[in-house]
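These notes are about the structure you will find just below.
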Amino acid sequence: MIDEIRTLTQRLADEPSSLAFLELGESLRRRGQVGAAYKVARGGLNRYPGLADAHDLMARILSDQGDFAGAFDAWADALRFDPMRTGALKGIAFLYFRAGDVDAALDHLHRAAEADPDDPAVPQAIARVRRDSREAGRAAFAPALEPLEAGTEEPVAGRPEPVPAPAAPPVPPSDSPFTGVAPEEEGLLLVDANGMCLAGSLTGRDGTDAAERVAAQLAGLTREAARATRLLGLGSWHSIAVESPDAHLFLASPTAETVLLAVREPELPMARVGLLAERATRAARGWLERVQ
Amino acid sequence: MRALEPWVEAPLQAFLAESAARLTLLMTSSGQVVAQHGFGRSLDVMTAAALGAGIVASTEELARLMGAPKFEALVHHGGHQSCLLAAFATPRGRWIGLVVFGQETSVGIVQLFFDQLVQQLTDSAPREQAPAPRLAENFEHELDASLRALFGR
Amino acid sequence: MSAAQVALDRVTRVPGVRGALIASSTDGLVVAEQLMDGVDGRAAAALTGSLVARLARTTAGAGLRAPVFLHLRGEGGSILAAPGTDGLVLVAVAGPEANVGLARLEMLNAAGRLG
């Protein structure tokens, strides 16, 4: 195992763009070196943000670290890029089972069974969940959580002991990044790369809270805008102004991982919405540096 | 994603990340699978490879009979999923790509990044001569080994 | 001269505009184009179509009507898009010195006649 890690480390050093980080991260995780595994996986994810295998690896590491909310998000990301990824479906099923949501756990396990009918771990997990849905813990899922790669059937060391249900997503600090930017933070939204709201609020035209719906659609926008300007020879992107008959929207990127959205009535000239967004972007950048 | 040869991994991974394809299969013109992403069962990938190679061979023969140049790509539009089938030249011979994609992306995006995939495969391919394809005596054993590599079991 | 060609001609006459094209927003494929050398029409159609679709979902999420114009500004220039009817979108690629205001007016005017 140590030789394998040494070889993989050398391979990654020789060729940083290779996918050797997947094997290296998994080997380190299996040795219980989850801190080192996390660093390797994070580096790989930065290079390959759209790689489902990398999100899956990160999820297993976070799960080992006891960060179940983080693991849930990482597996959800893996499914976004590969909806039939059985490892992620089983991982999320496991987290639902821990949280006591047996129906959701079974739903994900059934999806895993459809995606890979040949995986014997899935029917085993379904049977055990059904047999004793009250019994929490990893025991029922230990085989199901194993990754699908060949030769990885050995038992996993250092699994965390059962703990209560997955934690809720991190709560942003009470101070708003937009204090002093505008009279009210309505219509200003700061979103992370996973489409989660970090700050601000947005009310839809029907009066309901639209922040989460909009944030989910903005996931990946930074990458898509950067891709468009890069491939068309326009360098890095600065902003996107969007005119709807109902509103003026202005998008900017305070950091590489976040998007800021400013929404105002269409009567306000777009250039002024842009100025507001610029102020909010600067404020958000400073706020992110403080809270991270 | 699984690939029989390591140098195929990075270009294919980049394609998958950019195109948001649901299923991708790279194969030789004789239907031998080189890499796959998204297939859950070995039977599916073998069937898809055989059918894809057959379709490409048929359309190329049709083009030859009509005196037309080879078709670059075939796209089948479906209600929920679409499919792109394209043959291309590599230093390792003529390969075929089969890509299934949904409404979360578009045929324009898939074609754009498929062209990049072809270019990157051409740039990444080792220059040494690949062994000529032949049916080995232990063909079945080799097939099993390939499927194990492609499906990790 | 077809309506599409007229639209492309008017947009590409705006100072600083390097090219314009009409794309199918759902497919991201070029329908008609008038581009200077060095502008990749296929890439512009595919990437802009994808961006327009994402931003349409964003406005829909907020209960707003679909965008009628968008301006993606990069350090070396801009991508402008005006979705029209019948799933078509008028796209322009402009340099950093382009008169974006004039291009916007021409594109909004032309987009209304597409389809």
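Any read-out appearing in this document is the output of simple, stated calculations on the displayed coordinates, not a laboratory observation. Quick caveat, the model's predicted, so the values are computed rather than measured. We place every Cβ from the backbone using ideal geometry, glycine too, and count neighbours over all the protein chains shown.
Projecting the Cα positions of C:Ala60, C:Ala43, C:Thr26 onto the charge dipole of segment C:1-85 (unit charges on Cβ atoms of Lys, Arg, Asp and Glu, taken about the Cα centre) puts C:Ala60 furthest along the positive direction.
Stokes-Einstein diffusion for segment C:66-115 at 37 °C, viscosity 0.692 mPa s, with a Kirkwood radius from C-alpha pairs, works out to 300 µm²/s. Counting only Cα atoms, segment A:1-109 measures 46, 26, 18 Å along its principal axes, largest extent leading.
Here is the tail figure for the protein assembly as shown: Cα pairs spaced more than 36 Å apart come to 41 percent of all pairs.
Here the mean projected area of the convex hull built on the C-alpha positions of segment A:169-245 is 6.8 nm².
Report summary: the helix-based calculation at 222 nm, which adds -39500 (n - 2.57) for every DSSP H run with n ≥ 4 and divides by the residues of chain C, gives -12000 deg cm²/dmol. Rg/Rh for chain C stands at 0.94; both radii use Cα atoms, and Rh follows the Kirkwood definition.
Taking a sphere under 13 Å around the Cβ of C:Arg18 and counting the other residues whose Cβ falls inside, with K and R at +1 and D and E at -1, yields a net charge of -3. Less than 5 angstrom separates the built amide H of A:Gly235 from those of C:Gly76, all sequence-distant by 5 or more or on a different chain.
Across segment B:1-64, Cα-Cα pairs farther apart than 14 Å form 58% of the total.
The mean of 1/r over all distinct Cα pairs in segment A:188-291, once inverted, gives the Kirkwood hydrodynamic radius of 14.0 Å. Of all beta bridges that DSSP places with both ends in the protein assembly as shown, some 95 percent have antiparallel geometry. Counting every pair of alpha carbons in segment C:1-63, the share spaced more than 15 Å apart comes to 56 percent.
Given Cα positions, please report Rg to Rh for segment B:44-134, the hydrodynamic radius being the Kirkwood one.
On the way: Rg = 14.5 Å, Rh = 14.6 Å.
Here Rg/Rh amounts to 0.99.
Between C:Thr85 and B:Met66, the distance separating the two model label sites (each 7 Å from Cα on the Cα→Cβ line) works out to 3.4 nm.
When you work out D = kT/(6 pi eta Rh) for segment A:42-86 at 20 °C and 1.002 mPa s, using the Kirkwood radius from C-alpha pairs as Rh and the Stokes-Einstein form, the result is 213 µm²/s.
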